[in-house]
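Rule-based calculations on the coordinates, nothing more; no lab input. Since we're looking at a predicted model, the values are computed, not measured. No Cβ is skipped: glycine too gets one built from the backbone with ideal geometry, and neighbour counts run over all protein chains shown.
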Amino acid sequence: MSMIKEFKDFAMRGNVVDLAIGVIIGGAFGKIVSSLIDDVITPLLLKPALEAANLTKLEELTVFGSVKYGVFLSATINFVIVAFVLFLIIKGLNAAKKKEEAAPAAPPVPSKEEVLLGEIRDLLKK
């Protein structure tokens, strides 16, 4: 029974749950980026290049008949978009963290002993 309890404690730890949520959201975000490439960028921006090659999809670009560099090009564009979005997210989180750190903490209130010692010091200076 203790092994099951240990596994349950491990699986329900905050980091594991956060990682699982991140993977699921990442997969969904990957589908959105793929759709952006296939349905928006390719038709709008790459259409003249594809028409010149007599193709309709970026993935159909080939060299020597079997090397599909269009698939690689599409994956590269996907990666760049995902990396840029993650960069923007991390940059925003870092900016928010800097604002929290920038707020100076209130100086600690001196204890009664420190106040008395300060008064004694001031009297001795006079």
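When the helices in the chain are scored as -39500 (n - 2.57) per DSSP H run of 4 or longer and the sum is shared across all residues, what 222 nm value do you end up with, to the nearest 500 deg cm²/dmol? Each step should come with its number before you reach the end.
Values: 6 runs with 90 residues, N = 126.
For the chain, the value works out to -23500 deg cm²/dmol.
Place a +1 charge on the Cβ of each Lys and Arg in segment 1-67 and a -1 charge on the Cβ of each Asp and Glu, then give the dipole magnitude about the Cα centre in debye, rounded to the nearest 20. List each step's numbers first, then the result.
Values: 6 positive and 8 negative charges, 51 e Å.
With only Lys, Arg, Asp and Glu charged at Cβ, the dipole is about 240 debye.
Looking at the chain as a GNM with Cα springs under 10 Å, which of Ser35, Ser74, Ser111 has the largest mean-square fluctuation?
Between Ser35, Ser74, Ser111, it is Ser111 that shows the largest mean-square fluctuation.
Relative to the Cα centre, what is the charge dipole magnitude of the chain, using +1 at the beta carbon of each Lys and Arg, -1 at the beta carbon of each Asp and Glu, and rounding to the nearest 20 debye? Please report the intermediate quantities before stating the final value.
Details: 15 positive and 14 negative charges, 61 e Å.
The calculated dipole for the chain is roughly 300 debye.
Using a 10 Å cut-off around each Cβ, can you sort Lys68, Lys98 from fewest to most neighbouring Cβ atoms?
Details: Lys68 15, Lys98 9.
Ordered by Cβ neighbours within 10 Å, fewest first: Lys98, Lys68.
Holding the Cα-Cα limit at 27 Å, pick out from Lys8/Lys91; Lys47/Lys91; Lys47/Lys68 the pairs that are longer than that. Mind showing how you got there, number by number?
Numbers: Lys8/Lys91 35 Å; Lys47/Lys91 33 Å; Lys47/Lys68 18 Å.
In this structure, Lys8/Lys91; Lys47/Lys91 lie more than 27 Å apart at Cα.
Using a Gaussian network model of the chain with C-alpha springs under 10 Å, which one of Phe64, Phe72, Phe29 is most mobile by mean-square fluctuation?
The residue with the greatest mean-square fluctuation here is Phe64.
According to the square roots a ≥ b ≥ c of the eigenvalues of the Cα gyration tensor, what is the shape class of segment 26-76, taking rounded for a/c under 1.5, prolate for a/b larger than b/c otherwise, and oblate for the remainder?
Values: a/c = 3.37, a/b = 1.46, b/c = 2.30.
Oblate is the answer for segment 26-76, as a/c is 1.5 or above yet b/c matches or exceeds a/b.
Could you order peptides 51-61, 15-25 by the average number of other Cβ atoms within 10 Å of their residues, highest first? Mind showing how you got there, number by number?
On the way: 51-61: 13.6, 15-25: 10.3.
The densest-packed peptide leads the list: 51-61, 15-25.
Would you list Leu117, Leu124, Leu73 from fewest to most Cβ contacts within 10 Å? It would help to have the intermediate numbers written out before the result.
Working: Leu117 12, Leu124 7, Leu73 16.
With the sparsest Cβ surroundings first, the list reads Leu124, Leu117, Leu73.
Lys and Arg at +1, Asp and Glu at -1: add these up for the other residues within a Cβ distance under 15 Å of Val115 and post the number.
Working: positive: Lys112, Arg121; negative: Glu113, Glu114, Glu119, Asp122.
Once all neighbours under 15 Å are counted, the net charge is -2.
Hey, if you put +1 on the Cβ of every Lys and Arg and -1 on every Asp and Glu Cβ in the chain, which of Leu93, Pro108, Val82 ends up farthest toward the positive end of that dipole?
Pro108
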